[in-house]
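Only the coordinates and a few stated rules stand behind these numbers; no lab work does. Given the structure is predicted, the values throughout are model-derived calculations rather than measurements. We place every Cβ from the backbone using ideal geometry, glycine too, and count neighbours over all the protein chains shown.
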Amino acid sequence: MFHQDRINNLISSLKKRILIIDGAMGTMIQKKDLSESDFRSSKFENWSIDLKGNGDVLNITNSEIINSIHSAFLDAGADIILTNTFNSNKISQSDYGLEDYSTEMNFSAAKLARSVADKFTDKNPDKIRFVAGAIGPTNKTASISPKVDDPAYRNVSFDELKDVYKESAISLIDGGVDFLILETIFDTLNAKAGIFAVGEINQKRSHKVPLMISGTITDFSGRNLSGQTVEAFWNSVRHAEPLSIGLNCSFGAERLTPAVEELSRVADTNILAYPNAGLPNPMGEYDETPDTTASYIAEWAKNGIINIVGGCCGTTPEHIKKIYEQVSLYSPRVIPKIEKTIKLSGLEPFGVIS
């Protein structure tokens, strides 16, 4: 059930302090060293496809594990927890033959996160905890052909993506999230499908569910996979009037700094960033310590370019605790007043000055 009072509190809190988002759900699941049977439980005991590694199915097969991870991040100081739904969509779940369970995954994940967040709020009403309904990018791209010999080929359409995003969003809202977040956006056209889906939902409901948007930079040139610069990406999605625009995943905070600075300069909304704990080592693991990650993010806070911070791949409750301790010393970024002009985008931004 939607609670406008919580949203009003969220908006009010963003003006007073830097809010803390949680860390890497996937990293924490991997640390549990779960077996195939842990992912299956009795519900999928005889499933024909291996489910190990499908962290989202745990929402309905082993919810206590997800509860414990949410609790650990809230204990560390997080204000906002993301639902465990990065891959809870029909497209991504088709890898496991679980397309028909994506709605249940989203709804269950939202209920789990809502319950844990409310328990922490009840313990300390002065620090209200919020739930973000996380919607990942799917594993397909609407802008780029997966066939090098056929540039015009696409394996997913805009309408297909829109319908998938819409199904996920409705289940998350019905499960009790406070707002939605389109995250780890590598293809801006995918994001536009998600924005369109949320817009359709908001048109038919009595309340408008707030939306946060977070892209990901894929190389050191400062562009996403579909080729856009940070400013061009913002120009492409600013019509959605998101509660925040941000970046996540990508590189560690140190290398992400120029992109966060640029986004802070051009966007007239809250800035969100939750980077990885550095870059992965040759074994795919993250070595950046909590103190190191927090020190880089503290510079963002000190320089007044951030409103919401947290961690992505490789970040643990220890990382979030250190981030919370350091950024709490600083005030949130003041949203700038930016002149309203025509701002367009291709791969690069294009502005029309009157």
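Distance distribution P(r), the chain, all Cα-Cα pairs, bin width 20 angstrom from 0: 31, 62, 7, 0 percent. Just checking the listed ones, 81, 60, 213: in the Gaussian network model of the chain with Cα springs under 10 Å, the one fluctuating most is 60. Residue 227 sits among other residues whose Cβ lies under 10 Å from its own Cβ, and their net charge, with Lys and Arg +1 and Asp and Glu -1, is -1. DSSP beta bridges confined to region 4-352 are antiparallel in about 20 percent of cases. Using 0.36 nm times the number of residues separating residue 265 and residue 144, minus their current alpha carbon distance, what extension gain do you get? Between residue 265 and residue 144, full extension yields 40.7 nm more.
Around the amide H of residue 184, modelled in the peptide plane, lie the amide H atoms of 214, 248, all under 5 Å away and 5 or more residues distant in sequence or on another chain. Highest mean first, the peptides 291-297, 312-318, 99-105, 342-348 sorted by other C-beta atoms within 10 Å per residue fall in the order 312-318, 291-297, 99-105, 342-348. Proximity of backbone amide H atoms, modeled 1.01 Å from N, is registered between residue 345 and 350 at under 5 Å, excluding neighbours fewer than 5 places apart on the same chain. Applying both filters, DSSP loop and at most 14 other Cβ atoms within 10 Å, to the chymotrypsin sites (Phe, Trp or Tyr not before Pro) of region 143-190 gives 153.
A viscosity of 0.890 mPa s and a temperature of 25 °C, combined with the Kirkwood radius over C-alpha pairs in the Stokes-Einstein formula, give region 263-319 a diffusion coefficient of 202 µm²/s. Beyond 31 Å in Cα-Cα separation lie the following of the pairs 52/127; 127/340; 90/208: 52/127; 127/340.
Less than 5 angstrom separates the built amide H of residue 315 from those of 24, 277, all sequence-distant by 5 or more or on a different chain.
Let a ≥ b ≥ c be the square roots of the eigenvalues of the Cα gyration tensor of region 1-141; is it rounded (a/c under 1.5), or, if not, prolate (a/b larger than b/c) or oblate? Because a/c hits 1.5 or more and a/b exceeds b/c, region 1-141 counts as prolate.
Remark: region 263-269, residue by residue, has Karplus-estimated 3J(HN,Hα) of 5, 4, 6, 9, 9, 9, 8 Hz, where x stands for each Gly or Pro and the curve is 6.51 cos²θ - 1.76 cosθ + 1.60 at θ = phi - 60°. Put the Cα centre of region 319-354 next to the Cα centre of region 14-53 and the gap is 31 Å. Pairs from the list 140/321; 32/322; 15/322 with a Cα-Cα gap above 25 Å: 140/321. Suppose R0 equals 35 Å; then what is the FRET efficiency for residue 8 and residue 254 from their Cβ-Cβ distance, rounded to the nearest 0.05? In this case the efficiency is close to 0.45.
Phi-derived couplings, Karplus 6.51 cos²θ - 1.76 cosθ + 1.60 at θ = phi - 60°, listed residue by residue for region 138-155: 6, 9, 10, 10, 7, 9, 10, 6, x, 10, 5, 8, 9, x, 7, 6, 10, 9 Hz, with x used for Gly and Pro. Here the simple spin-label model places points 7 Å from the Cα toward Cβ, and for residue 200 and residue 352 these points are separated by 2.9 nm.
Given R0 = 22 Å, the distance between the Cβ atoms of residue 122 and residue 42 translates into a calculated FRET efficiency of 0.10.
The alpha carbon centroids of region 216-234 and region 293-313 are separated by 20 Å. Compactness check for region 185-234: Cα Rg over 2.2 N^0.38 Å is 1.35. In sequence order, region 317-333 has phi-based couplings of x, 5, 4, 5, 4, 5, 4, 4, 4, 7, 6, 5, 7, 10, 7, x, 4 Hz under the Karplus curve 6.51 cos²θ - 1.76 cosθ + 1.60, θ = phi - 60°, and Gly or Pro positions carry x.
Legend: ranking of residues 283, 212 from fewest to most surrounding C-beta atoms inside 10 Å; resulting order 283, 212. Cα centroid separation, region 68-97 to region 148-170: 22 Å. Neighbour counts of other Cβ atoms within 10 Å put 340, 208 in the fewest-to-most order 340, 208. Is region 154-306 rounded, prolate or oblate when judged by the Cα gyration tensor, a ≥ b ≥ c being the square roots of its eigenvalues, rounded requiring a/c under 1.5 and prolate requiring a/b larger than b/c? Prolate.
Comparing 39, 73, 220 in a Gaussian network model of the chain (Cα springs below 10 Å), the most mobile by mean-square fluctuation is 220.
Taking 140, 204, 162 as the candidate residues, the one with maximal mean-square fluctuation in a Gaussian network model of the chain, Cα springs under 10 Å, is 204.
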